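Structure record follows, encoded as structure tokens.
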């Protein structure tokens, strides 16, 4: 079960992002060059690059946002590159387990779950940097202004939409952090449910199917524009959301940004090329970078699995809690 110790650590922020990584300030300037176009020796082992796309956004928009990125990868490494949009987060997780994809950007919780399901069969390469150089984001709870709900306390007896059971900011962290703050989720809210993704969760609030929803945002920049990066920013830019109609009533502590993930069994040279490609992408092709990241930041930072171990432990404890309830 989720222990008092783990909840206390989560409340202190240590289960989400070590203090050293929460430090803000300008990121070091990236000097990595975009890999030169050309066939690689690793192409014999990786004859195609299949990229998983998480759910939570309608398929047409996802494919549109990622098509130039797909083409750039294909042109750079001269191997066929395909996009595989999943209906939800678990679709990408299952595709990794079945070795049906080579890479995908994932949330920290989705990565942790995939790492557990595959016995370490995936690894992280990089995470996005925010505008201030940090590598964290936040979960926010959003309501309609006309709902009259202006604080978390006022959510008692009202309904809450989670984004996806494998989402870090849309389920795992808010659920754990609220519980750590003494909220009995089963009795505090009138009901909770899964909306099918971040975009769908906000739409459910707009359409008054739920009183509030949790989703992800950079937490930096102009709130009226949906911040600098995240689901709210993407919905504002697509004309789906007017932040003047909404109110943010709760914000989590910092959460380590979700990683770009690859299968562990892929050649080391592929991982090096793919890492360098992404480190160079923001300066070499800023429009493509901003499209896939749903807004801009300061590029990417290298990461290791050890940085995600706290989330792995939280996934283990959440799974134990579910077994206990059943």
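What follows draws every value from the coordinates through simple rules; no lab data is involved. These figures come from a predicted structure and were not determined experimentally. Reconstructed Cβ throughout: ideal geometry from the backbone, glycine too, with neighbour counts over all protein chains shown.
For this structure, a couple of remarks:
- Packing order of peptides 211-224, 232-245, highest average first: 211-224, 232-245 (average count of other Cβ atoms within 10 Å over each peptide's residues).
- On Cα atoms only, tilt of 59-77 relative to the major axis of the chain in degrees: 30
- By average C-beta atoms within 10 angstrom, highest first, the peptides 184-193, 74-83, 270-279, 87-96: 87-96, 270-279, 74-83, 184-193
- Dividing the summed helix terms, -39500 (n - 2.57) for each DSSP H run of n ≥ 4, by the number of residues in the chain produces a 222 nm estimate of -10500 deg cm²/dmol to the nearest 500.
- Separation of the residue 84 and residue 309 label points, Cα + 7 Å toward Cβ, nm: 3.0
- Folded to 0 to 90 degrees: helix 309-325 orientation relative to the chain principal axis, Cα: 50
- Gain on full extension, evaluated as 0.36 nm per residue between residue 33 and residue 240 minus their Cα-Cα distance, stands at 70.9 nm.
- Largest-first principal axis extents of the Cα set of the range 136-255 (Å): 36, 30, 24
- Helix 108-117 axis, angle to the chain major axis (alpha carbon atoms, nearest 10°): 70
- Peptides 133-143, 42-52, 291-301, 306-316 ranked from most to least packed, by the mean per-residue count of other Cβ atoms within 10 Å: 133-143, 291-301, 306-316, 42-52.
- Antiparallel DSSP beta bridges within the range 136-255, as percent of all bridges there, nearest 5: 70
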